[in-house]
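**Student:** Pasting in a structure now, in structure tokens, and then I'll have a few things to ask.
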Amino acid sequence: MLSELRMLAPLACAIALTGPVSAQTIEINRQNKTIAISTTDEATATADIAAVTIGFEVYGPDYQSAYTDGGNTSHAVLNALRKAGVEDKDIESAGQSLEQNTNFDDKDKQDQRARKQFVFRQSWEVSATPRSAGEVIRVAVAAGANKIGGIEWRLSDRKTLQARAAEAALEKAHAVANRMAEGLHVKLGDLIYASNETPNTRIFIPRALQQITVNSESASVASNINLLPTLEIRPQTIREEATVYAVFAIEQ
């Protein structure tokens, strides 16, 4: 019993020395002479891809006219994006629909409702650099897009960020194990085992651009692209977490 109390005293001291470390567990095996640490850390990087949702909706008195106007707007938006330097591989269809309109404004007169019997909708996800995202939105709106959704921020080299997070977690594990060894009055030996658990991926988009609806009639007036200002878009920070389980030898 006395020997157990003597071992617990430095252990409590060692735990106090470690300080607050989030998401970590510590195991000390006197028999195998090892200290095992499970700890989590993260790495951050600025997003280099802005995935913008761009779309439109047009109305017509019948499905043929709604589809025709939708097709013309569709071609106009894509042509404008291509002229702005967006490649086809960076444009992905998100959805399209043609249906009878049942959502009328109570203030609409009978002749206004007659012109909005059918509605055609289409949208794309367009990938661009953070620097060019504002210009992509501008040329799309000038060409007839009247629905602009949020921006999803991405990182092209995600594996490198994951590796950096794992490296940071391993460095933290080594630092904690070293403090534990000091508290136990032993010398920390070599790393004898380490595993990187499945990372908990989190993308932070605290200031994503909310959906913007542009009046269809005024959008056609603004067909001159020079009349539209370019939005100020700033990239977000992406965080990648990694949890590492590391076992270190204890040298007496």
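The values are calculated or read from the model by the stated rules, or taken from the named source; none is laboratory data. Since the structure is predicted, the reported quantities are computational estimates derived from the model, not experimental observations. For neighbour counting, all protein chains shown are included, and Cβ atoms are generated from backbone atoms with ideal geometry for every residue, glycine included.
**Student:** Looking at the range 138-180 only, could you name the residues that are surrounded by 17 or more Cβ atoms within 10 Å (Cβ to Cβ) and among the acidic types (Asp, Glu)?
**Tutor:** Scanning the range 138-180 gives a single hit, GLU152.
**Student:** Please report, ordered by residue number, the helices (runs of 4 or more DSSP H) entirely within the range 54-153 with at least 1 residues that are under 20 Å from LEU228 (Cβ atoms), in contact (Cβ under 8 Å) with a residue 24 or more places away in the chain and among the aliphatic types (A, V, I, L, M).
**Tutor:** Of the helices (runs of 4 or more DSSP H) lying wholly inside the range 54-153, those with at least 1 residues that are under 20 Å from LEU228 (Cβ atoms), in contact (Cβ under 8 Å) with a residue 24 or more places away in the chain and among the aliphatic types (A, V, I, L, M) span 63-83, 133-143.
**Student:** What about ALA36, is it outside any loop (DSSP other than H, G, I, E, B) and modelled with pLDDT of 95 or more?
**Tutor:** Values: outside any loop (DSSP other than H, G, I, E, B): yes; modelled with pLDDT of 95 or more: no.
Answer is no for this residue.
Each row is one residue, and each column tells you yes or no for (1) of a type outside the set (Lys, Arg); (2) modelled with pLDDT of 95 or more.
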site	(1), (2)
TYR59	yes, yes
GLN64	yes, yes
ASN72	yes, yes
THR102	yes, no
LYS116	no, no
GLN122	yes, yes
GLU125	yes, yes
ALA140	yes, yes
ILE148	yes, no
